[in-house]
Amino acid sequence: MAQNSEGFFKQFHENINSALDDVTRNNFANLESNSKRVSYLCSLPLIKSYDLLSDVSKIEIGGDFPVKKDLDKARAFKDEGNKAVQKGDWTKSLHLYSQSLLFMPQKESDELSIVYANRSAALNHLEQYEDSLTDIRRCLSLGYPRHLRYKVYERRARCLLVLKRNQEAIQAFQDTISALDEANNLNKEKRQKMRTDAKLMLEVLNKGLVLAGNPKDPEPLKKTPPKPKLPGKHNSQYPAASDAIQIEYDNNKGRFAIATRDLSAGEVLLVEKPHSGVLLGEYCKTHCHNCFLKCPIPIPCPKCPNVIFCSDKCLDAALQSYHGYECHILPLLWKSGCSITCHIALRMITQKTKEYFTKIYNDLENKTTGLYKTDDYKNIYHLVSHEDKRQKQDFLHRTQMTIFLLKLLELSGYFESKTRKNPIDLNEIKTMEFEDIHGDDISLFGSLILKNLQILQFNAHEVFELQCLKPKVGQYVIKHDGKSVFLAGAVFPTLALFNHSCDPGVVRYFCGPYVVVRAVKNIKKGEEVAENYGPIFTTVPKQKRQADLKDQYWFDCTCLPCQQNWPTYDEMTENYMRFKCDSDQPCPNVVPVPYDCKDFMLQCGLCQQYTNILKGLKSLQVDYTNTFIN
């Protein structure tokens, strides 16, 4: 069978569209609320009877469905890892043991603990001692066989010695001696030698600590990078932003950011965690599903083989919120071919409890007046959605996606406020009909998801990772072939309030899930602080920039580069300079001046007025001089 890489939602959409008659379409077009649109479409017999299974079965991408661990795969990876160890290839064994952990069922605790112990040995040989200690803790918590525990206790002691955590090493050597009493499979001579070595190390360590005055052990090294911090004072109303900016509003521009004082290039103006973010499916086995950091030593989800985490903290955070519900439906999301924004629209629901939304639902239309908090859904709800400008076909398409996402919510157990314990049965997707008891849930959460899909069209951001694959060292300089890789999608409520400019005043980059916004030029007090939504004047011509922005964001850009039609870098030349027409009447033209021109009064080809270029030349001279003086 040829692999279908498009996903099944396209087929679902086409089938529904072709089956709708004119009366149904007109009835739908006359509906005036999101909840009514969703409820109406859900009530149609052609939706209720739709067999999703036949579409899903044709799609090979997106992982196995129903979701389950695979003991045979886990054992095969473990055996290959053991073979790599015999060959001394510890790097390969580390990768293979990690793959084994991914597929190993949680109920097979003995085998799971052994794989963690084996991976700790690989990490120890690769001198990744903190990570080796972490895997040792995990294997012991899972009930590592008692007759083998002397191995990991002794390994833990050696790791702690390298890390100079001598107090802990003493306890580890004592545990080693105790565990040797239960090492039934270890021959007598080897057991005696290990006991003697451990006692000798205890004697040396105890004497050394007494001579040193019993110093405390150093703190364990932190594995994760520090959270980025906003320097200086925070804005009193928008705590993710600096007090150097303020959010203003007018009828034409909506909400936008301005500088409350003169800003210098390089200043950090905003550090914000996303309200909701989703990792792209293609990075689910290389990056943390929760914080998007790369995971060379992954921690698997205990229930599925589809995602990994960088730490127990991220794993617990995910399982206690969104992944607890999404675990069994992820392959359906990926197989559907839906965009990352559709997944974010769902994640905005699954990351909070059903009770949270039922409590705030009736108050959503009232804007918050206090702190503009990142995790407050009401702030997301009031971002621009242009609902009043949408065509009926746009609503129809998004409502169809909403129904699919609602079905996933029902399958996940979200409407019962409890996560599934068993995999989804294939018969559960043979129909799109919802259970009668979920009628109110369909109306409430359908309206929210449909609203989310509209909001995210204009307010979602791509999350990038800078990958520097091959650094090249030259004389006095290090070069790299770095590139930004699209890793995830997210919505940042405060950043979403910044307007666009084709010549932005800020740049954004990412530290895990956090976005950091810095000024890239000096900005005067009272001037707008704008970011860039994609097209920038240096590389994209005005006509294409305007077309792209109109198509994606539904506005006509009136920034300075668009008003004055600034040239792209490719259009610039060293053979002439360009001066803005300086006539008495407003003129958007630019006057080209050849480098060998001897005149200082030049006629504008558009308004026919004359421009004195001496003033511009003097400004250039001052800027050039100041560059070298400073």
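The values are calculated or read from the model by the stated rules, or taken from the named source; none is laboratory data. Remember, predicted model here, so these are calculated numbers, not experimental data. Here the Cβ is made from the backbone with ideal geometry for all residues, glycine too, and neighbour counts use every protein chain on show. For the accessible areas, the whole protein counts, side chains as well, though only heavy atoms, and no ligand, DNA or RNA atoms are used. Shrake-Rupley method; radii C 1.70, N 1.55, O 1.52, S 1.80 Å.
Taking all protein chains as shown and a probe of 1.4 angstrom, residue 149 keeps an accessible surface of around 40 Å².
Based on C-alpha pairs under 8 angstrom that are at least 6 apart in sequence, the range 244-291 has a relative contact order of 26 percent.
Working value for the range 71-206: equivalent-ellipsoid semi-axes of 26, 16, 14 Å, each the square root of 5 times a Cα gyration tensor eigenvalue, largest first.
A cut-off under 10 angstrom between Cβ atoms defines the neighbours of residue 490, and their net charge, with Lys, Arg +1 and Asp, Glu -1, is 0. Taking Lys and Arg as +1 and Asp and Glu as -1, the other residues whose beta-carbon sits under 10 Å from that of residue 106 total +2. Counting only other residues whose beta carbon sits under 12 Å from that of residue 449, what net charge do I get with K and R as +1, D and E as -1? Local net charge: +4. The share of accessible area on the range 557-615 that comes from carbon and sulfur is 51 percent, using a 1.4 angstrom probe. By the gyration tensor of its Cα atoms, with a ≥ b ≥ c the square roots of the eigenvalues, what is the shape of the range 435-586: rounded for a/c under 1.5, prolate for a/b over b/c, or oblate? Oblate, since a/c reaches 1.5 and b/c is not below a/b. Placing +1 on the Cβ of every Lys and Arg and -1 on the Cβ of every Asp and Glu, with no other charges, gives the chain a dipole of roughly 2160 debye about its Cα centre.
The angle between the Cα long axis of helix 9-19 and the main principal axis of the chain comes to about 60°, on a 0 to 90 degree scale. Rounded to two decimals, what is Rg over Rh for the range 315-449 when you use alpha-carbon atoms and the Kirkwood radius? Rg divided by Rh gives 0.96.
The heavy atoms of residue 433 present about 80 square angstrom of accessible area, all protein chains included, probe 1.4 Å.
Mean separation of Cα pairs under 8 Å and 6 or more residues apart, divided by the residue count, gives the range 188-264 a relative contact order of 14 percent.
Measuring nothing but protein heavy atoms, the accessible surface of the range 71-206 at 1.4 Å probe radius is 47 percent carbon and sulfur. Under the classification rounded if a/c is under 1.5, otherwise prolate if a/b is larger than b/c and oblate if not, where does the chain fall, given a ≥ b ≥ c as square roots of the Cα gyration tensor eigenvalues? Cα axes put the chain in the oblate bin. Near residue 234, the amide H atoms lying under 5 Å from its own belong to 243; only residues 5 or more places off or on other chains count, and H is placed 1.01 Å from N.
For the range 384-424, the C-alpha radius of gyration sits at 1.63 times the compact-globule guess of 2.2 N^0.38 Å, with N the residue count.
By the compact-protein rule of thumb, 2.2 N^0.38 Å, the alpha-carbon radius of gyration of the range 276-329 corresponds to a ratio of 0.97. Here the contact order of the chain, divided by its residue count and restricted to Cα pairs under 8 Å and six or more residues apart, works out to 16 percent.
Annotation for the range 81-179: GluC sites (Glu not before Pro) lying in DSSP loop with at most 14 further Cβ atoms inside 10 Å of their Cβ are 127.
The mean accessible area for residues of the chain, using a 1.4 Å probe and ignoring ligands and nucleic acids, is 53 Å² per residue. Before rounding to the nearest 500, sum -39500 (n - 2.57) across all DSSP H runs of length at least 4 in the chain and divide by the residue total; then give [θ] at 222 nm in deg cm²/dmol. Calculated mean residue ellipticity at 222 nm is -13000 deg cm²/dmol.
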